[in-house]
Amino acid sequence: DKAKERLYKEEFYSGVMTVGEYKGKAVQEAKPLVRQLLIDNSEAIPYYEPEKRVVSRSGDDCVVCLTDQWFIAYGEPTWRKETERALSKLNCFSPEVRNQFEATLAWMQQWACSRSFGLGTRLPWDPQFLIESLSDSTIYMAFYTIAHLIDNPEDLTDQVFDYVYANGPLPEDTKITKERLDLMRREFTYWYPLDLRVSGKDLVPNHLTFFLYNHVALFDEEFWPRGVRANGHLLLNGQKMSKSTGNFMTMAEAIQKFGADATRIALADAGDGVEDANFVIDTADKAILRLYANLHSLRELYDNRNSLGKGEEETKNQDGFAEKAFLNEMNKLALKAILAYDQTNYREALHAALFGLHNARDAYRDMTQGKMSFSLLDRFARLSSVLLAPLCPHYADYIWRRVIGCPDGLFRSNHLELLESCQSVDETILQALDYVRDTSHAMRASMSRVPKARFGQVIVADDHPQWQREVFDLVGRVQSKDQLIKELAPLTAKYKQLPGVPKKIIPFAMEQYAKLGAMNTTTATAAKRQFDEFTVLTHVSGYLEATLGLERLSISKQSDCLDAQSSDDELRKRATQAEPLRPSVLFRE
């Protein structure tokens, strides 16, 4: 079966007719022609059967019944070409969805759009039939734009719809006034084209494809859809929801149990993309605790604002490294959250706006050992409220009104200036911040070998050695990983006389490439040291001393430790091990 399926697929999409009347034509083009030829010559009759056994919910085998019904010719070449053009301009938000659309347009031909039983809208030209559900309502979003302006449905004629949706002539067969018709037209052109249609991924190969086809057929190009976001199904604690197993929760039950905002956080955290999203009860529970803890800390902040420094002067001089780092980290997280919202990646937005900003605030508190700037914390409170508003509207507005003290409320305030101020991000400061965190982590790991350490000394390398500078340049030039590996061979051979260097070159190069990819030299330079390690570590030495529990921590330069007059052999040995961005550390009891 697998071989047959693969062969038929290759034959249909890649095959070419080699004999007969349609010799030279592609199989997918010739197939309907051959079919019609056989029918016209009375050599075949139309025949339908299920692709496989179909069993109803009552347990009965289903049998195909050939009945009269209406079809829509979705595969018509001109129509399909225009729809493919509409798809090329469509934001699908993921390659999987685009690929599914393209595959559907490739195979879809006629689609039965009617049925003779059930609920639905009757076909206007053949009332004995109903429009089947997947074919129905493919352009209802256009109707939404004028629904609130309709008094009498009987006044809606074809001429009315042509006037509103297709800029047709003024209708003569309706009681709707020209003033109302013009208002309807303005409403439609204001809201259209629709920017985003969200639906299940299982509807891409049918309903959503009909949605594209019918918009192309009925509307001018300026009103074609701009975006379709498909999502997966919703799991509960990693399992499929099912009433029979008890793994089930309604929206009302979730809100009753967790409240609206914690439910929204858990839903946002359930996952982005077309994979099945996973609503985790523990995430909702922890969201309640996190929001409450943050509310409590912000109340304390504004109640004690006079006891904190203003911070303006601190951020203007070198002594304000922690303040500059916090400010730039907030700005970068804000930009990340905004971009995630634009891409409808709500999990990513949540992690930047909630977890990321809170972690940055906590790190700032630790680095300053509690001596924080009120102006920066006020900015944090405002920025986190604005960025969380789409996910936690009630909580964010409460913070804005009752804690920050803006009585007009979050949703009546202008946040443009605040968000625009986030555009300024100093990547050098953030690189230095990452360096501090990496150094702290490495020092903690190294301390495990000296459990009773009371004193520490950090030795900072003076500059990148020549071989590392050549690696940076190489990473900036190559276009692929294979090219990098190829060009590393002569570089390794060049330094074979230096003990220990050749075996470091390839791991170091791979590490830099993993960070930067095949980028240009300007970007690759970011991996180099763009800040003064000695100055940065000197500014945070008090923080490192406190977080590591040391009595004293000193910061030294490599050249000073290697001075000929130094008699400390252990210190000299550690100094030789220091590399740029990887300082050496010596602990003593």
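Adding -39500 (n - 2.57) for every DSSP H run of four residues or longer, then dividing by how many residues the chain holds, sets the calculated 222 nm ellipticity at -15500 deg cm²/dmol.
Sparsely packed loop sites in region 408-509 (the trypsin sites (Lys or Arg not before Pro) outside DSSP H, G, I, E and B with at most 13 other Cβ atoms within 10 Å) comprise R449, K452, R454, K496.
Of the trypsin sites (Lys or Arg not before Pro) found in region 79-188, those that fall in a DSSP loop while having at most 13 other beta-carbon atoms within 10 Å are K175.
Let me have the relative contact order for region 181-288, percent, based on Cα pairs under 8 Å that are six or more residues apart. That works out to 25 percent.
For trypsin sites (Lys or Arg not before Pro), the sites in region 231-268 that DSSP calls loop and that have at most 16 other Cβ atoms within 10 Å are K243.
What accessible area per residue comes out for the chain, rounded to a whole number of Å², with a 1.4 Å probe?
Result: 59 Å² of accessible area for each residue.
Since only A293, L267, I281 are under comparison, the one whose Cα sits farthest along the positive direction of the charge dipole of region 252-297, derived from C-beta charges on Lys, Arg, Asp and Glu, is A293. Under the shape rule built on the C-alpha gyration tensor, where the axes satisfy a ≥ b ≥ c, region 66-165 is oblate, since a/c reaches at least 1.5 while a/b does not exceed b/c. Dipole magnitude for region 1-79: computed about the Cα centre from +1 point charges on Lys and Arg Cβ and -1 point charges on Asp and Glu Cβ, it is near 320 debye.
Our note on the geometry: Cα centres of region 225-253 and region 67-145, 25 Å apart.
Here the convex hull built on the C-alpha positions of region 441-513 has a volume of 124 cubic angstrom per residue. Percent of C-alpha pairs per 10 Å bin in region 171-269, short distances first: 12, 25, 24, 22, 13, 4.
Contact order for region 358-511, expressed relative to its length and based on alpha carbon pairs under 8 Å spaced 6+ residues apart, stands at 10 percent. For the chain, a simple Cβ point-charge model (Lys and Arg +1, Asp and Glu -1, everything else neutral) yields a dipole of about 2100 debye relative to the Cα centre. For region 39-128, the relative contact order comes to 29 percent (Cα pairs under 8 Å, sequence separation of at least 6).
For the chain, the residue among A86, Y495, Y165 whose Cα projects farthest onto the positive side of the dipole built from Cβ charges is Y495.
Residues in region 446-458 carry Karplus couplings, in order, of 5, 5, 4, 7, 10, x, 9, 4, 10, 10, x, 9, 9 Hz; the curve used is 6.51 cos²θ - 1.76 cosθ + 1.60 with θ = phi - 60°, and Gly or Pro positions show x. In the chain, the longest principal axis of the Cα atoms and the axis of helix 178-191 are about 40 degrees apart.
Based on the Kirkwood radius over alpha-carbon pairs, what value in µm²/s does the Stokes-Einstein equation return for the translational diffusion coefficient of region 1-153 at 20 °C and 1.002 mPa s? The calculation lands on 109 µm²/s.
With Cα atoms defining each centre, region 399-419 and region 425-459 are spaced 39 Å apart in the structure. Identify, among P95, S56, F411, the residue whose Cα sits farthest towards the positive end of the charge dipole of the chain, taking +1 on the Cβ of Lys and Arg and -1 on the Cβ of Asp and Glu, with the dipole about the Cα centre. Checking the options against the dipole of the chain, the answer is P95. Applying 0.36 nm per residue to the separation of V63 and L7 and subtracting their alpha-carbon distance, the gain on full extension is 17.4 nm.
Helix 27-40 and the long axis of the chain differ in direction by around 10°, with both axes built from C-alpha atoms. If every alpha-carbon in the chain counts as one equal scatterer, what log10 I(q)/I(0) does Debye give at q = 0.06, 0.07, 0.12 1/Å? Evaluating at q = 0.06, 0.07, 0.12 Å⁻¹ gives log10 I(q)/I(0) of -0.55, -0.71, -1.34. How far is helix 357-367 tilted off the main Cα axis of the chain, in degrees rounded to 10, range 0 to 90? With both axes taken from Cα atoms, the answer is about 0 degrees.
The values are calculated or read from the model by the stated rules, or taken from the named source; none is laboratory data. Note that the structure is a prediction, hence the values are computed from the model and not measured. Positions of Cβ are generated from backbone atoms using ideal geometry, with glycine treated the same way; all protein chains shown enter the neighbour counts. Please note that ligands, DNA and RNA were not included when accessible areas were found on the heavy atoms of the full protein model with its side chains. Shrake-Rupley method; radii C 1.70, N 1.55, O 1.52, S 1.80 Å.
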